[in-house]
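Derivation of every value follows stated rules applied to the coordinates shown; laboratory data play no part. Fair warning: this is a prediction, and the values are worked out from it, not measured in the lab. For neighbour counting, all protein chains shown are included, and Cβ atoms are generated from backbone atoms with ideal geometry for every residue, glycine included.
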Amino acid sequence: MALLWEHREGDNHYQVRTHGASVRLYTNGVFHSQWNPRDPLRGSLWELLLLPVFFRDRRQIRSVLVLGVGGGAVIRLLQRFVGPELIVGVDLDPVHLEVARNYFGAGDAELVCGDARSHVAGRAGDQYDLIIDDLFGHVDGEARRTVRADGDWCRRLLGLLSPAGIMVGNFGSRREMLDSGWRATDQRASLQGNWSAELPGYENCVLAVSRAPLSRAELLARAPAAINPSSHSNRLSSHLRRLRR
């Protein structure tokens, strides 16, 4: 890999590296984001966050809130394959947002530097068709969630979600997802769509929920072949399964 850019600020060490046509962001040695404009669907964790979008016709996804921008890989995937009218990306780290703008090409999104909890609390009344909660930091060289998905956090996010909108959450493990506020009895009762997705070789578990039903058949009819579980050319070896209400 070639080093494209490097920066130190306080205790943080940032690097942007290239690997072939791919651009990668590392913070304190943790691999945060990757974007390959020539071949964007390569079977990575970021595409697992994109996959649930195809439960809906892309014309229904007009506004998106991304909590945890990193280098902007998810934003670039949304821009390429969905094309929402509005993408708001929130990240506490201004250097990550600089990288997203200057090296990943995510500058067309509205990038906000701030604490996700404060941002969500201050946006009461806003409505998004898609919310992606990918709030991860790094502890001892490992990626960890920075905001606990307890009942209060889940209710706040649900308050920003449009009636048929989709909430996608990234968790460090399946156990962390099952212990989250999204799987509490009172929360499950209000959600007709409940799915999880995982990748071999990763501990992460991605959750997709909605007040409206989420149909696997519709996702399979819409998802690009490179990440479609029913396609012979699928490169995303996802384990997609429905969760009980």
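Of the GluC sites (Glu not before Pro) found in the stretch 1-99, the ones in coil according to DSSP and having at most 15 other Cβ atoms within 10 Å of their Cβ are E85. Each Cα pair under 8 Å and six or more residues apart adds its sequence gap; the mean of these over the residue count of the chain is a relative contact order of 17 percent. Given the options N204, N194, N28, state which has the largest fluctuation in a GNM of the chain using a 10 Å cut-off (strictly under) for Cα springs. Comparing N204, N194, N28 in a Gaussian network model of the chain, the most mobile one is N28.
Over the chain, the alpha carbon radius of gyration divided by the compact-protein estimate 2.2 N^0.38 Å works out to 0.95. Listing D140, D93, D133, D126 from fewest to most neighbouring C-beta atoms within 10 Å gives D140, D126, D93, D133.
Each peptide in 52-59, 150-157 receives the mean, over its residues, of other Cβ atoms within 10 Å, and ordering these scores from highest gives 52-59, 150-157. Within the chain, DSSP assigns beta bridges of which about 65% are antiparallel (rounded to the nearest 5).
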